[in-house]
Amino acid sequence: MRYALIGCGRVSTNHIKAALADKLEIAAVCDLLPEAMESLLAKHGLEKDTSILRYTDYKKMVDEVKPTLVSIATESGCHAEIALYCIDRGVNVIVEKPMAMSIPDAEEIIRRSEEKHVKVCASHQNRFNVAVQKTRAALEAGRFGKLSHGSIHVRWNRGRSYYEQAPWRGTWAHDGGCLMNQCIHGIDLLRWMMGDEVDEVYGVTNRRFHDYLECEDIGMAVVKFKNGAVGTVEGSVNIYPHNIEETLCLFGETGSVKIGGTSVNNIDVWEFADAGEGDDENKGFSEATVNVYGNGHTSLFADMIDAIENDRKPYVDAVAGRNALELVLAIYVSSATGKPVKLPLKDTASTDFAGLFDR
């Protein structure tokens, strides 16, 4: 299967690693900076592979290479535009988070991909973490009973040097703040695990330590789900002096699970009223990771390849991408207005909050 990558920045190494592991034909890479392409390819021993074409124009690349599958790893503000261009030309797409920066763009990706019979996968790769999959299996088996509440905590550190690596970071047009960038994976997991259907959100955001950014560096929220369960969100890049954890907790009448580690990769608590196969090995389970992105990209790519070959929906489809985006934007709306926000959201975009912390 012919594959091409658009965007050769920080997360792109996980995309190339996944493409190699899943035996895709890497036909082309694209970035505005030729040195970014060469650096990425060299990192994976591909710098001398002349069969991999290099482009600085993604439209030209898509039109000339005609890949079956493209992954988009550019700055977030370009995701929707590039995805729609690919979809219109019948190219299947894996798009990094957030899938889009506005509800209308996300819904247009869903609509047009269905119209063109193209597969779109939102790159929420943490759904494939082993600890997450074990928990999801227990949830689907009914081992939690009725859910009471759940929480996601993303307690990370990002300093000035991180933001100076790419000037689009921390901007409303191209990134959003810690909730949209760092916490959206956890927000996706929380919404997915807690029943997906959200009734109301109350959120607070602030910019405490990063006055050189447009967006928030701390965000918290309470989420009321339609099934009666309650979720809480905590996301921050203000943690001194380094990343502490990304932790997901689920509490039900007959089960409690805490998934910890720096990227929801370890099981810290695994308690159920009934005895289940594998419970002893699940307690204290740990999955080694080399970075905060975890190991899920390879499984996400494999699932997408299978979805294309067998004409089915990807495990993490465009609707999932829209739902994670919607919950982040709802927290932003609530913080800006000081009021709870009912879902679904309609015409809301990250740029609606320009100047929020400068007023």
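Please go through the stretch 191-211 and pick out each residue that is without any contact (Cβ under 8 Å) to a residue 60 or more places away in the chain and within 14 Å of Val233 (Cβ to Cβ). Before the answer, list the steps.
Here is the first cut: in the stretch 191-211, the residues without any contact (Cβ under 8 Å) to a residue 60 or more places away in the chain are 193-195, 197, 208-211.
Hits for the stretch 191-211 are Met193, Met194.
Within the stretch 25-51, the residues that satisfy the criterion of being of a type in the set (A, V, I, L, M) and closer than 9 Å to Ala4 by Cβ are Ile26, Ala27, Ala28, Val29.
Here's the yes/no breakdown for (1) surrounded by fewer than 16 Cβ atoms within 10 Å (Cβ to Cβ); (2) touching a helix residue (DSSP H, G or I) at 6+ places or on another chain (Cβ under 6 Å):
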site	(1), (2)
Ser113	no, yes
Val118	no, yes
Ser123	no, no
Arg127	no, no
Glu140	yes, no
Gly145	yes, no
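If the condition is being farther than 21 Å from Arg169 by Cβ, acidic (Asp, Glu) and not in a helix (DSSP H, G or I), then the stretch 1-40 contributes Asp22, Glu25. Residues that are of a type in the set (A, V, I, L, M) and not in a loop (DSSP other than H, G, I, E, B) were ranked within the stretch 332-359; the one that is farthest from Ala173 (Cα to Cα) is Val341.
Within the bounds of the stretch 67-74, is there any residue that is assigned to a strand (DSSP E or B), touching a His at 6+ places or on another chain (Cβ under 9 Å) and of a type in the set (Val, Ile, Thr)? The answer is yes; a qualifying residue exists.
Just to be sure, is Ala330 within 17 Å of Val204 (Cα to Cα), touching a residue at least 12 places away in the same chain (Cβ under 8 Å), surrounded by fewer than 18 Cβ atoms within 10 Å (Cβ to Cβ) and in the same structural domain as Gln133 (by TED's automatic domain parsing)? Considered against the rule, which asks whether it is within 17 Å of Val204 (Cα to Cα), touching a residue at least 12 places away in the same chain (Cβ under 8 Å), surrounded by fewer than 18 Cβ atoms within 10 Å (Cβ to Cβ) and in the same structural domain as Gln133 (by TED's automatic domain parsing), Ala330 comes out as no. Of all residues in the stretch 153-191, those satisfying the criterion of being hydrophobic (A, V, I, L, M, F, W, C), within 19 Å of Glu96 (Cβ to Cβ) and out of contact with any Pro (no Cβ under 9 Å at 6 or more places or on another chain) are Val154, Trp156, Ala166, Trp168, Trp172, Ala173, Cys178, Leu179, Cys183, Ile187, Leu189. Considering (1) of a type outside the set (D, E, K, R); (2) without any contact (Cβ under 8 Å) to a residue 24 or more places away in the chain; (3) touching a Leu at 6+ places or on another chain (Cβ under 7 Å), the lone condition that Val222 does not fulfil carries the number (3).
Taking residues in the stretch 49-69 that are under 12 Å from Gly90 (Cβ atoms), and partners anywhere that are of a type in the set (Lys, Arg) and part of a loop (DSSP other than H, G, I, E, B), the pairs with Cβ atoms closer than 7 Å and at least 6 places apart or on different chains are Val62/Arg89. Would you point out the residue of the stretch 331-345, among those that are under 22 Å from the mean Cα position of the chain (by Cα) and of a type in the set (A, V, I, L, M), that is nearest to Ile218 (Cα to Cα)? So the residue we want is Ile331. Taking Arg169, is it assigned to a helix (DSSP H, G or I) and touching a helix residue (DSSP H, G or I) at 6+ places or on another chain (Cβ under 8 Å)? Criteria not met by Arg169.
Can we say Asn266 is surrounded by fewer than 16 Cβ atoms within 10 Å (Cβ to Cβ), polar (S, T, N, Q), at pLDDT 95 or above and touching a strand residue (DSSP E or B) at 6+ places or on another chain (Cβ under 8 Å)? It is false that Asn266 is surrounded by fewer than 16 Cβ atoms within 10 Å (Cβ to Cβ), polar (S, T, N, Q), at pLDDT 95 or above and touching a strand residue (DSSP E or B) at 6+ places or on another chain (Cβ under 8 Å). Scan the stretch 100-155 residue by residue and report those that are in a strand (DSSP E or B) and hydrophobic (A, V, I, L, M, F, W, C). Matches in the stretch 100-155: Val120, Cys121, Ala122, Leu147, Ile152, Val154. Residues that are crowded, with 18+ Cβ neighbours inside 10 Å and either of a type in the set (D, E, K, R) or not assigned by TED's automatic domain parsing to the domain that holds Asp306 (or both) within the stretch 18-43 comprise Asp22, Asp31, listed in sequence order. Looking at the stretch 172-199, which of its residues are surrounded by fewer than 18 Cβ atoms within 10 Å (Cβ to Cβ) and assigned to a loop (DSSP other than H, G, I, E, B)? Passing the criteria: Ala173, Gly195, Asp196, Glu197. Annotation note: Cβ proximity below 7 Å between a residue of the stretch 103-125 that is under 20 Å from Ala73 (Cα atoms) and a residue that is outside any loop (DSSP other than H, G, I, E, B) and among the basic types (Lys, Arg) (sequence gap 6+ or interchain) occurs for Ala106/Arg322; Glu107/Arg322; Ile110/Arg322.
To keep it simple, each residue is scored yes or no on (1) assigned by TED's automatic domain parsing to the domain that holds Glu234; (2) over 29 Å from Met1 (Cβ atoms); (3) among the hydrophobic types (A, V, I, L, M, F, W, C).
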| residue | (1), (2), (3) |
| --- | --- |
| Phe301 | no, no, yes |
| Ala307 | no, no, yes |
| Lys313 | no, no, no |
| Thr337 | yes, yes, no |
| Pro340 | yes, yes, no |
| Pro344 | yes, yes, no |
| Asp352 | yes, yes, no |
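The values are calculated or read from the model by the stated rules, or taken from the named source; none is laboratory data. Please read all numbers here as calculations on a predicted model, not as lab measurements. With ideal geometry, Cβ positions are generated from the backbone for all residues, glycine too; neighbour counts draw on all protein chains shown.
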